[in-house]
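Before any comments, here is the structure.
Every number in this text was worked out from the coordinates using simple rules, so none of it is lab data. All values derive from a computational prediction rather than experimental measurement. FYI the Cβ positions are ideal-geometry reconstructions off the backbone, even for glycines, and counts take in every protein chain you see.
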Amino acid sequence: MESFGKVEEFAETLVSGLDRSWQRPAGVAAKLISCKSSNGFYNIEYTLQKPGESCRHIFSKIGMANNGYYNRLFTVTGQFMEEETDKYSSSVQKTVSSFKFT
């Protein structure tokens, strides 16, 4: 994964590429919450909010594996609406973080 840069750089590029809050009229607002690298995976937590809609909280886990011929990029993403944080945060985070290569 280091070929994509450090986890902080990768996460910032990903989230800033989604952010359109600077447009007029304003578009989707994206905010990076946290990121870390662990066991060859990048774990990224961020929010997205379209104008007039509830905020979506997103957990993504990104990893690369080789099938003998090609490198393959795998992404697992889970999301929930911000107002349902108490109900879904723990289970979504556990589900996304459980992804691994076998």
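The angle between the Cα long axis of helix 85-97 and the longest principal axis of the Cα atoms of the chain comes to about 20 degrees, rounded to the nearest 10. Taking the longest Cα principal axis of the chain as reference, the axis of helix 7-18 is set at about 40 degrees. For GluC sites (Glu not before Pro), the sites in segment 45-92 that DSSP calls loop and that have at most 11 other Cβ atoms within 10 Å are 53.
Extension gain, residue 83 to residue 100, is 3.2 nm, computed as 0.36 nm per intervening residue step minus the present C-alpha separation.
Mind checking which lysines have their Cα closer than 23 Å to the Cα of residue 6? Skip sequence neighbours fewer than 8 apart in that chain. Once the sequence-local lysines are set aside, what remains near residue 6 is 31, 36, 61, 100. Restricting the chymotrypsin sites (Phe, Trp or Tyr not before Pro) of segment 37-69 to loop positions (DSSP other than H, G, I, E, B) with no more than 16 neighbouring Cβ atoms within 10 Å leaves 69. About the centre of its Cα atoms, the chain shows a dipole size close to 240 debye [charges on the beta carbon of Lys, Arg (+1) and Asp, Glu (-1) only; nearest 20 debye]. Per residue, the chain reaches -7500 deg cm²/dmol at 222 nm when only DSSP H runs of four or more residues are counted, each adding -39500 (n - 2.57).
What do you get for trypsin sites (Lys or Arg not before Pro) in segment 56-94 restricted to DSSP loop and a cutoff of at most 11 other Cβ within 10 Å of the site's Cβ? Each step should come with its number before you reach the end.
Values: sites: 56, 61, 72, 87, 94; in loops: none.
Sparse-neighbourhood loop trypsin sites (Lys or Arg not before Pro): none present.
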